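Everything below concerns the one structure shown next.
The values are calculated or read from the model by the stated rules, or taken from the named source; none is laboratory data. It should be emphasised that the depicted structure is a prediction, and the values quoted were computed from it without experimental measurement. Here the Cβ positions follow ideal geometry from the backbone for every residue, glycine too, while neighbour counts run over all protein chains shown. The protein model used for the area step is the full one, side chains on, heavy atoms only, and it has no ligands, DNA or RNA in it. Shrake-Rupley method; radii C 1.70, N 1.55, O 1.52, S 1.80 Å.
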Amino acid sequence: MIMPADRLTTLEIRATEQEKTIEELSGQIAEQWKVIERMQRKLDALADRFLALEDQAASDVPVTKPPHW
């Protein structure tokens, strides 16, 4: 049978381990958020470049009706 003092010690150990796990997970989330922000900036820059290239290429093509119209 577990004595009340042993039970309290077990709960304190468990709480300490859970606190450590939460801190580790929080750190991992913070790192992942930095990666996501960096990737978002790169995606935005690539989208801007793509749109600029698309605008340059689209201006050379005349807009005309197809022959079957």
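Quote the charge dipole size of the chain about the Cα centre in Debye, to the nearest 20; the model charges only the Cβ of Lys and Arg (+1) and of Asp and Glu (-1). Kindly include the intermediate steps, with their values, before the conclusion.
On the way: 9 positive and 13 negative charges, 42 e Å.
Dipole magnitude for the chain comes out near 200 debye.
Quick one: angle between helix 4-58 and the longest Cα principal axis of the chain, in degrees between 0 and 90, rounded to 10, please.
Taking Cα atoms only, the helix is inclined about 10 degrees.
Using a 1.4 angstrom probe on heavy atoms only, work out the carbon and sulfur share of the accessible area of the chain in %. Before the final figure, lay out the partial values.
Values: 4430 of 7070 Å².
Carbon-and-sulfur percentage of accessible area, whole number: 63.
Which one, ALA47, ILE36, PRO4, projects farthest toward the positive side of the charge dipole computed for the chain from Cβ point charges (K/R +1, D/E -1)?
Looking along the dipole axis, the top candidate is ALA47.
Using a 1.4 Å probe, what is the accessible area per residue for the range 1-45, in Å²? Could the numbers behind the result be given before it?
Values: 4510 Å² over 45 residues.
Accessible area per residue: 100 Å².
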